[in-house]
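Student: The structure that follows is given in the form of structure tokens.
No value in this document is a laboratory result; all are computed from the given coordinates. Worth saying up front: this structure is predicted, and the values here are computed from it rather than measured. Because the Cβ atoms are built from the backbone with ideal geometry, glycine has one as well, and the counts that use them run over all protein chains shown.
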Amino acid sequence: MSFLDHIKRVNRHDLSGFRRFMIGDAHAGYLRHALAERLKAQADVFAVDAHTVRLLPAFSDPDARTEAVDRAVRKLVEEGAVAKIRFEQYPVLERPGGPALMWLNRAAAAHFGILSFGVHLNGYVRKPDGIHLWIGRRARDKSVAPGKLDNMVAGGMGDGYGPVETLVKECGEEAGLPEALARKAHPVGAITYMMEVGSGTAHGSAADIGQDGLRRDVLYCFDLELPADFTPVCQDGEIEEFRLLPIAEVMRIVDSGDDFKFNCHLVIIDFLIRHGLIGPDHPDYLDLISGLHR
């Protein structure tokens, strides 16, 4: 897969296969038609028609909505329609920066097609021969993309944490970065995409990407130049090893294969563009830039 192939992959979706998930007048997400039909059995929580799945108006505040939908998700887990419950809650928003309409278990985020947020860190070192990137390899027992390459630090935003707080937490857990060093990371923008996923599509398997449905992701990106004598050490078992690779080698890996977890390719492509390593003479330059911010 080339740089552009990775960009195209995350922007493939067919919304004709989905119904809108509504909370009052707010459009909160999307559900596959099959999952929407399954939710007709939970008429005490949802009103389902041919076009929408609507949370009943009786659940009028975020706490009541969260509790009702959590019960529904747990039933879906019992039925095998959703994977096991995760110990993390994601906010459900109509738009980035808007108020939380409710909270949803992370396991059901793509099933309900909600906006989801994460942080990714490019940890790099400058050497006489140029930039080197710290690259992790995901543990083989991870449920998503086991054994694939990863950014130095990455994680989903949930449980009320903001981007910086999430980054600091993940830096400590995944790479052993002291808080004072983690807080020196520079925010460098965000990547957005909408990607249809699951065994019923050709766009990405659940094993590689996780869940089934629609991923509407916002990735907050950070750069951190690290001291030459720092070596990341994973603290939570999610990364089995780190390697410091020349940027040319990282470019070759991304532009010729699928060795990284799918969205890490995007974070690296964005890094390469911002550091002038993919320039305007590249034939796909504009398509790459626009594809990172759909």
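Student: In a Gaussian network model over the chain where Cα atoms closer than 10 Å are linked, find which of Ala154, Ala110, Ala68 has the largest mean-square fluctuation.
Tutor: Ala68
Student: Subtracting the Cα-Cα distance from 0.36 nm times the residue separation, let me have the gained length for Ala228 to His293 in nm, one decimal.
Tutor: Gain on extension, Ala228 to His293, equals 20.2 nm.
Student: Rank Glu240, Glu170, Glu249 by mean-square fluctuation in a GNM of the chain with C-alpha springs under 10 angstrom and give only the top-ranked residue.
Tutor: Sorting by GNM fluctuation, first place goes to Glu249.
Student: Here is a further query. For the pairs Lys8/Lys184; Lys127/Lys261; Lys84/Lys184; Lys40/Lys148, flag any whose C-alpha to C-alpha distance is greater than 30 Å.
Tutor: Exceeds cut-off: Lys8/Lys184; Lys84/Lys184; Lys40/Lys148.
Student: Here's a follow-up. How much length would be gained if the chain were fully extended between Asp159 and Arg140, taking 0.36 nm per residue of separation minus their Cα-Cα distance, in nm to one decimal?
Tutor: 4.2 nm
Student: How much length is gained if the chain between His282 and Glu179 is pulled fully straight, taking 0.36 nm per residue apart and subtracting their Cα-Cα distance, in nm to one decimal?
Tutor: 33.3 nm
Student: Relative contact order, percent, of the stretch 16-114 when contacts are C-alpha pairs under 8 Å separated by at least 6 residues?
Tutor: In percent, rounded to a whole number, it is 28.
Student: Here is a further query. Quick one: net charge around Ile278, please, counting Lys, Arg +1 and Asp, Glu -1 for every other residue with C-beta under 10 Å from its C-beta.
Tutor: -3
Student: Choose one of Ala47, Ser60, Phe3: the residue whose Cα lies farthest towards the positive end of the charge dipole of the stretch 1-107 (beta-carbon charges +1 Lys, Arg; -1 Asp, Glu; about the Cα centre).
Tutor: Farthest along the dipole direction, towards plus: Phe3.
Student: Can I ask one more? Along the positive direction of the dipole of the chain (beta-carbon charges: Lys, Arg +1; Asp, Glu -1; about the Cα centre), which of Val77, Gly98, His293 reaches farthest?
Tutor: Val77
Student: Pick from His132, His111, His120: which residue has the top mean-square fluctuation in a GNM of the chain where Cα pairs under 10 Å get a spring?
Tutor: His132
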